[in-house]
Each structure stands twice: as structure tokens, then as C-alpha cells.
Amino acid sequence: METKCLPIEAVELKWNDDDWRVEGYASVFNSVDKVGDTVLPGAFLKSIEERQPAMHFEHLRWATPGMWTKAEEDERGLKVTGQLTRDHTLAKDLRASLRHGTVRGLSIGFVIKDAEQDGPTRILKEIDLHEVSFTASPAEPQAVVTAWKSELGNIESL
């Protein structure tokens, strides 16, 4: 299995009830990343129809801070939406790291089903997506976590 890391360029914090949701782009289309790969639109469609990817931290299969509940392609790339597990130690640490900015991106774990070489660039046409990880060392400079939420939205006064 290969991995591809994507950095967080901007984080938009949204607070709402006790639902620890997170969403962002795990991959973007038509850009050449730091390892020379370009992912084409439609590359994930078959895989995400079959199953949702697992949520991991730094591609460690035992480090599961939550779960991705939706993965979909849009005009920009592969958008994922998920939920961190409340009261899970890793989820709490990850939430703090996202807030502080020490976790810098998202990364995909995948198997290539169809690709071609175009000079130094590998064109990825079909990808079997296994997991999306939070990471501190990204390869694709355009992926972003766009929102995450916690219980602070319920507080009406101190």
C-alpha cells in the first residue's frame, strides 16, 4: 500500500453541540504533488462506492481517532467528512494538535489500480482507497481540513 500526504493550509474552527466532526480534502485533482503524482477526477469513485476509508493517525492501523462517515469526489478533489471519538485519548490529542496547528495535513493510504507515466509524473487514474490519515508531514500542498466541531457551541454563558 502507498501513502500520499496532504497539508492543511487553513483550518476553519466551528463549534456545535458535542459532535466532534471534521471535514476536509484528502486529495486534490490535477496537481502535481511533492512525489510527482497527479490524481485525476474519478480516480476514487469505484473505491468509495464500495466502502468508506478508515480514519488513522500517521498511517498507523491501530491509531484510530474516529471514523470517516462520508467520502465523495467534487470538482476540487476527494472530500472526507468524519467524526472524532469523544473521550478517546488520541482524538483529544489530535483535536488539540489541529487547533494548535502542529498536525499539518491529511494523507491517503491506497493501492493503485490504473496509472500511467508521463515523463516524471505518475498519472493516477484509479485508486483503491484504504484509509485517510491525519499527518504532520504532507506531500500535497493543496489539501485542507475545512472544519471541525466540538461541544463548546452549547455554552450559553459562564
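Both radii are taken from the alpha-carbon atoms of the stretch 23-98; with Rh as the Kirkwood radius, Rg/Rh is 1.01.
Going by average Cβ neighbours within 10 Å, how do the peptides 91-102, 24-35 rank, with the highest at the top? Don't skip to the end; give the middle numbers.
Numbers: 91-102: 14.9, 24-35: 19.6.
Answer by packing, highest mean first, reads 24-35, 91-102.
Taking all protein chains as they are arranged and a probe of 1.4 Å, the heavy atoms of E58 leave approximately 60 Å² accessible to solvent. Length gained on full extension, E72 to L40: 10.1 nm, using 0.36 nm per residue less the C-alpha separation. For the residue pairs K34/K113; K46/K79; K34/K92, alpha carbon separations beyond 24 Å are given by K34/K92. Using a 1.4 Å probe and ignoring any ligands, DNA or RNA, find the accessible area of D114 and quote it in Å² to the nearest 10. Solvent-accessible area, nearest 10 Å²: 70 Å². If the chain linking V32 and R61 were pulled fully straight, counting 0.36 nm for each residue of separation and taking away their Cα-Cα distance, it would gain 7.7 nm.
The values are calculated or read from the model by the stated rules, or taken from the named source; none is laboratory data. These figures come from a predicted structure and were not determined experimentally. A quick note on method: Cβ atoms are made from the backbone with ideal geometry, for glycine too, and the neighbour counts reach across all protein chains shown. When the accessible area is computed, the model is the full protein with side chains, heavy atoms only, and any ligands, DNA or RNA have been set aside. Shrake-Rupley method; radii C 1.70, N 1.55, O 1.52, S 1.80 Å.
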